[in-house]
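> Next up is a structure, given as structure tokens.
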Amino acid sequence: MDRFVYSRQPGYDEAATRAAFAGAVPLKTIVIYCYDPRAAAIPVELAKLWVDETYPGDLILDEHGKKVGSTATIFPVVVAGGRATDALRSITIGHHLFGLQNVVVVHHTNCGTSSFTPQGLLDAYRAEQGSDLSDTYGSDNLAIGHLETSLSHDVDVLRRSPAVPAVVKIFGMVFDIDRNEFTLLIPHTTRQRED
Ligand SMILES: [Zn+2]
């Protein structure tokens, strides 16, 4: 299967390959949201709200009909609860390949992760699976007990992480799944370089 791996091609040049990738997709914004099917409209709705964004956009084909790019400016990262800690690796790689201007964390109304408590989940796993997850994730990342608190925690996780470049703007929003409406709770923050 080596022919499907860029770094396995004859004459592979990492810098040139990275430069080619940078032009393949005009990525601007990563949006982190929940894998709940009721929240699936989030990237499309965000592209309506932020009119200079494109999602899902169109695929770009080469002369042989191979898929070589896309017009999408939004990349979704879809994880339970839309929690930031799960998105850090995707942010790093998205920025490395395409460059990145914004990260939007979206938590949604009536999220499944607001139906349990961190302790309740840990107790259930211990009782039902014989597994102790108390040191695995950090209890602040497991459940949503308060939307303002969870969003502010997640924006802080991103802002403090070395994975998120200082110039990237971070926003925190709540999405109402019944009205398809966003509320911007945390306007963008950027990090002042400390050096
Ligand atoms: Zn959810």
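> Quick check: residue separation of residue 22 and residue 117 times 0.36 nm, minus the Cα distance between them. What number comes out in nm?
30.0 nm
> GluC sites (Glu not before Pro) within the stretch 114-195: which are DSSP loop residues with at most 12 other Cβ atoms inside 10 Å?
194
> Could you tell me the relative contact order of the chain? Use alpha-carbon pairs under 8 Å, at least six residues apart, and round to a whole percent.
Computed over the chain, the figure is 21 percent.
> To continue, here is another question. Less than 16 Å apart at the alpha-carbon level, and either on another chain or at least 8 residues along: which aspartates and glutamates does that give for residue 67?
58
> Residue by residue through the stretch 59-76, which ³J(HN,Hα) values in whole Hz follow from phi under the Karplus form 6.51 cos²θ - 1.76 cosθ + 1.60 (θ = phi - 60°), with glycine and proline marked x?
Calculated HN-Hα couplings, in order: 6, 9, 10, 8, 5, 9, x, 7, 7, 10, x, 7, 8, 5, 9, 10, 10, x Hz.
> Go ahead and estimate [θ] at 222 nm for the chain from helices alone: -39,500 (n - 2.57) per DSSP H run with n ≥ 4, summed, over the residue count, rounded to 500.
-8500 deg cm²/dmol
> Report the longest stretch of the chain that contains none of the chymotrypsin sites (Phe, Trp or Tyr not before Pro) sitting in a DSSP loop with at most 16 other Cβ atoms within 10 Å.
Excluding the exposed sites themselves, the longest stretch runs over 36-115.
> Give the span of the chain's Cα atoms along each principal axis, as three whole-Å numbers ordered largest to smallest.
Sorted from largest, the Cα extents of the chain read 54, 42, 41 Å.
> Counting only protein heavy atoms and a 1.4 Å probe, tell me what percentage of the stretch 24-189's accessible area is made up of carbon and sulfur.
Of the solvent-accessible surface of the stretch 24-189, carbon and sulfur hold 54 percent.
> OK, next. So who's got an amide H within less than 5 Å of the one on residue 36, skipping anything under 5 residues away but keeping other chains? H placed 1.01 Å off N, in plane.
Close amide H contacts, sequence-distant or interchain: 81.
> Please state the shape class of the stretch 97-195: rounded when a/c is under 1.5, otherwise prolate if a/b exceeds b/c and oblate if not, all from the C-alpha gyration tensor.
Oblate, because a/c is 1.5 or more while a/b does not exceed b/c.
> Would you mind classifying the stretch 1-116 by shape? Square roots of the alpha carbon gyration tensor eigenvalues, ordered a ≥ b ≥ c; an a/c under 1.5 is rounded, otherwise it is prolate if a/b is larger than b/c and oblate if not.
It comes out prolate by the Cα gyration axes.
> Please list, or write none, the lysines whose alpha carbon is within less than 24 Å of the alpha carbon of residue 66, excluding same-chain residues fewer than 8 places away.
28
The values are calculated or read from the model by the stated rules, or taken from the named source; none is laboratory data. Bear in mind that the values here come from a model prediction, so they are computed numbers and not experimental data. Virtual Cβ from ideal backbone geometry, glycine too; neighbours counted across all protein chains shown. Calculation scope for accessible area: heavy atoms of the full protein, side chains included, ligands and nucleic acids excluded. Shrake-Rupley method; radii C 1.70, N 1.55, O 1.52, S 1.80 Å.
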